[in-house]
Amino acid sequence: MDALPCQGCRGLCCGPVPVTNKELRAIRKLLGAMPRRRRIALEQQERFFGTCMFYDQDSDKCGIHSARPDVCRAFGHSSNLVCFRRPESATGSPWQASSDPAGILSVDFTWKDF
Ligand code: SF4
Ligand code: SF4
């Protein structure tokens, strides 16, 4: 899978995303294992309105990368989730949720839920 040119985008495509219960469990597990100082620093970052609560402004990347939701993994690679900076990478079959979302990250679930 081609890497997308995300460095320098400053989380442009990282907004509220749907999240399933299974994905919430994975995120909780990752945050539970994260050093407390690191978690607090990530939580307290100031973000633009609408930017995902887990986007790491300091390192310009996802702050929960290994536990990011499926839609984030598919973004830029599925034909219905096209990255405008590299549309030619969106060659995969259309993304479909594996199960009904439990809600929207940053809207229905915020830091206090983790
Ligand atoms: S997927 Fe595309 S829009 Fe999103 S951060 Fe990467 S290059 Fe930027
Ligand atoms: S979970 Fe990570 S990849 Fe997904 S929108 Fe948030 S910061 Fe971006």
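The values are calculated or read from the model by the stated rules, or taken from the named source; none is laboratory data. Small disclaimer: the values here were computed from a predicted structure and weren't measured. Cβ sites come from the backbone with ideal geometry, for glycine too, and all protein chains shown count toward neighbours. What goes into the accessible areas is simple: the full protein's heavy atoms, side chains included, and nothing from ligands, DNA or RNA. Shrake-Rupley method; radii C 1.70, N 1.55, O 1.52, S 1.80 Å.
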Screening I27, I40 for residues that are of a type in the set (V, I, T), exposed (fewer than 14 other Cβ atoms within 10 Å of the Cβ) and either more than 11 Å from ligand 2 (Cβ to nearest atom) or modelled with pLDDT of 95 or more (or both) leaves only I40
Condition set part of a helix (DSSP H, G or I) and of a type in the set (K, R), scope segment 31-48, selection nearest to the chain's Cα centre (by Cα): answer is R39
Restricted to segment 1-30 and to residues being more than 13 Å from the chain's Cα centre (by Cα) and more than 25 Å from S89 (Cα to Cα), the residue nearest to ligand 1 (Cβ to nearest atom) is L30
Of (1) of a type outside the set (D, E); (2) surrounded by 13 or more Cβ atoms within 10 Å (Cβ to Cβ); (3) modelled with pLDDT of 95 or more; (4) within 15 Å of ligand 2 (Cβ to nearest atom), L12 fails just (3)
Going through (1) within 10 Å of ligand 2 (Cβ to nearest atom); (2) open to solvent by less than 20 Å² (accessible area, probe 1.4 Å) one by one, A74 fails only at (1)
Result of the Cβ filter at 6 Å on segment 77-92, keeping first residues that are part of a loop (DSSP other than H, G, I, E, B) and partners that are of a type in the set (V, I, T), at least 6 apart or interchain, is A90/V82
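So that you can scan it fast, the table gives a plain yes or no per residue for (1) closer than 24 Å to N21 by Cβ; (2) among the charged types (D, E, K, R):
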site	(1), (2)
R37	no, yes
Q45	no, no
C62	yes, no
G76	no, no
T91	no, no
S98	yes, no
F114	yes, no
